[in-house]
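This report concerns only the one structure given below.
No value in this document is a laboratory result; all are computed from the given coordinates. The model shown is predicted, which means the values in this text are computed figures rather than measured ones. Heads up, the Cβs are rebuilt from the backbone with ideal geometry, glycines too, and the neighbour counts pull from every protein chain shown.
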Amino acid sequence: MEKPEKKYYTPEEYLAVEEAAEFRSEYYKGEIFAMSGATVNHNTIVLNVGANLLSVREKQCNVYVTDLKVRIETADMFTYPDVLIICGDLEFYNNRKDIILNPVAIIEVLSESTEGYDRGKKFECYRAIPTLREYILIDQFKVHIEQYCINPAGKWELTEYREKAEYLALCSVDSRISLETIYERVTFE
């Protein structure tokens, strides 16, 4: 039995599909991938992180959660990060107010279905964003955060956090958040 031929979309076709859809999807090299719904833990962590990063506004930066797309032109990708930090003026894709080009930090809350992708191909694509200085992965099933920061030599360095008593010190902006706060009201199974 023959497999049906994959349909490939242009970025413009994807954006038209996305505007008419009742659910969010991401785009990578012509393919569209539906996003699954988030868990209570996932949403709680995103809210906790976003709310506790509001102080970056004093540093001419802004925090956005869940619904802004990021365009990575060199990777031919559109994606919806969980949390974005953008400093300075917003740069938009094709003057669209829902697609950003210049995040300095991206934070993803890991799910079982996307964990490998978030650590692998997605991070590889994110590294092609010229303004990106920090990528943070937050586990929703246990206390564990992976923070990747670009060093002065242009290399990505990993710092891991596993204790609620620790503080996540962001390298892209002058801000700290306790893991206790990040995981507040999160229930582990």
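First check a/c for the range 38-182, with a ≥ b ≥ c the square roots of the eigenvalues of its C-alpha gyration tensor; if it is under 1.5, answer rounded, and if not, answer prolate when a/b is larger than b/c or oblate otherwise.
In terms of gyration-tensor shape, rounded.
So for the pair ASN43, GLU112, with labels modelled 7 Å out along Cα→Cβ, what separation do we get in nm?
Distance between the two pseudo-spin positions: 1.9 nm.
For a quick protection proxy, order the peptides 159-168, 2-11 by their average other-Cβ count within 10 Å, most packed first.
Ranked from most to least packed, the peptides come out as 159-168, 2-11.
Give me a comma-separated list of calculated 3J(HN,Hα) values for the range 162-173, in order, Karplus coefficients 6.51, -1.76, 1.60 applied at θ = phi - 60°, integers in Hz, x for any Gly or Pro.
Along the range 162-173, the couplings run 9, 10, 4, 7, 7, 10, 7, 9, 5, 9, 8, 9 Hz.
What whole number of Å gives the distance from the Cα centroid of the range 123-164 to the Cα centroid of the range 26-78?
14 Å
Output the relative contact order of the range 110-187, whole-number percent, from Cα pairs under 8 angstrom with separation of 6+ residues.
20 percent
How many nm separate the modelled label positions at ALA165 and TYR8, each set 7 Å beyond the Cα in the direction of the Cβ?
5.5 nm
Which order do peptides 96-103, 143-150 fall in by mean Cβ count within 10 Å, highest first?
143-150, 96-103
Take the Cβ-Cβ distance between SER55 and THR187 as r, set R0 to 30 Å, and report the resulting FRET efficiency rounded to the nearest 0.05.
Computed FRET efficiency for SER55 and THR187: 0.65.
Quick check for me: using +1 on Lys/Arg Cβ and -1 on Asp/Glu Cβ, what's the dipole size of the range 1-124 about its Cα centre, in debye to the nearest 20?
220 debye
Which one, ALA21, THR114, LEU54, is farthest towards the positive end of the dipole of the chain when Lys and Arg carry +1 and Asp and Glu -1 on their Cβ?
After comparing all options, I get LEU54.
Can you tell me the 0 to 90 degree angle between the C-alpha axis of helix 11-20 and the longest principal axis of the chain, rounded to 10?
Once rounded, one gets 80 degrees.
Among the listed pairs LYS69/LYS155; LYS69/LYS142; LYS29/LYS69; LYS97/LYS142; LYS29/LYS59, give every one whose C-alpha distance is greater than 24 Å.
LYS69/LYS155; LYS69/LYS142; LYS97/LYS142; LYS29/LYS59
Work out the charge dipole of the range 38-182 with +1 on the Cβ of Lys and Arg and -1 on the Cβ of Asp and Glu about the Cα centre, then indicate which of ASN102, ILE138, TYR161 is farthest towards its positive end.
It is ASN102, whose Cα lies furthest towards the positive end.
Angle, helix 40-52 long axis vs. longest principal axis of the chain, Cα atoms, 0 to 90°, nearest 10?
The angle comes out near 60 degrees.
If packing is taken as the average number of other Cβ atoms within 10 Å across a peptide's residues, how do 17-25, 65-73 rank, most packed first?
Per-residue Cβ counts within 10 Å, averaged per peptide and sorted highest first, yield 65-73, 17-25.
Please work out whether the range 23-63 counts as rounded, prolate or oblate from its C-alpha gyration tensor, where a ≥ b ≥ c are the square roots of the eigenvalues and a/c under 1.5 means rounded, while otherwise a/b larger than b/c means prolate and anything else oblate?
Here the range 23-63 falls in the oblate category.
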